[in-house]
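The structure appears below as structure tokens.
The values are calculated or read from the model by the stated rules, or taken from the named source; none is laboratory data. No experiment lies behind these values; they were computed from the predicted model shown. Methodologically, a virtual Cβ is constructed for each residue, glycine included, from the backbone with ideal geometry; neighbour enumeration extends over all protein chains shown. These accessible areas exclude ligands, DNA and RNA; they are computed on the full protein's heavy atoms, side chains included. Shrake-Rupley method; radii C 1.70, N 1.55, O 1.52, S 1.80 Å.
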Amino acid sequence: MRQKLKTAYCLEMDEAIRCYDLNELDSAFYHLERAHILGQSYIIPHTKSHWWMLKVGFKKHNFREVFGQVTRIIASVLFSKIWVPMGNTGGSNVNPLKPMPIPEDLKKTLDM
């Protein structure tokens, strides 16, 4: 992972975890989605974003999210290096195979 991308990913993850610890779960999930977009081509960052989404799902008692994240964790390990739907935010509220628009500020980080 290039340093610029790694820095942006870590900033999003750090903010997500900070929000999670403060029980600001919607904000935490927002930052996890952004981290997912940045890290989805790399197995460990991709899986880490889904792991934290799973934790948010448990904390919110959102069992649709929990089930969705369990399946996405497995897929992130198997497919991160093969193919990912660029821009996909990673939550269970979106089709896991659907490419999505990438926010403008993240496009710059991804050199798009």
Using only the Cα atoms of the chain, build the gyration tensor, take square roots of its eigenvalues as a ≥ b ≥ c, and label the shape rounded, prolate or oblate: rounded if a/c is under 1.5, else prolate if a/b is larger than b/c, else oblate. oblate
With a 1.4 Å probe and all protein chains left in place, how much of the accessible area of the chain comes from carbon and sulfur atoms, in whole percent? 64 percent
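Say the cut-off is 28 Å between C-alpha atoms; which of Lys81/Lys107; Lys55/Lys81; Lys60/Lys81; Lys60/Lys107; Lys4/Lys81 go over it?
Result: Lys60/Lys81; Lys60/Lys107 exceed 28 Å.
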Most fluctuating residue given options Ala16, Ala75, Ala35, as computed from a GNM of the chain linking Cα atoms under 10 Å: Ala75
From DSSP H assignment alone, runs of 4+ in the chain each adding -39500 (n - 2.57), the sum over residues rounded to the nearest 500 puts [θ] at 222 nm at -21500 deg cm²/dmol
Placing +1 at every Lys and Arg Cβ and -1 at every Asp and Glu Cβ, with all other atoms neutral, what dipole size does the chain have around its Cα centre, in debye to the nearest 20? 360 debye
When the charge dipole of the chain is computed with +1 at the Cβ of Lys and Arg and -1 at the Cβ of Asp and Glu, the Cα pointing farthest to the positive end, of Ile17, Leu106, Ser49, is that of Ser49
Take Val70 and Met86, extend 7 Å from each Cα along the Cα→Cβ direction, and tell me the distance between the two endpoints in nm. 3.3 nm
In Å², nearest 10: area of Ser49 left accessible to a 1.4 Å probe: 0 Å²
Between the range 25-94 and the range 1-24, how many Å separate their Cα centres? 13 Å
Using a 10 angstrom cutoff on alpha carbons, build the Gaussian network for the chain and name the most mobile of Arg34, Arg72, Arg64. Arg64
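If we count every other residue with Cβ under 11 angstrom of Arg34's Cβ, Lys/Arg +1 and Asp/Glu -1, where does the sum land? Before the final figure, lay out the partial values.
Numbers: positive: none; negative: Glu12, Glu15, Glu33, Asp105.
Net of charged neighbours comes to -4.
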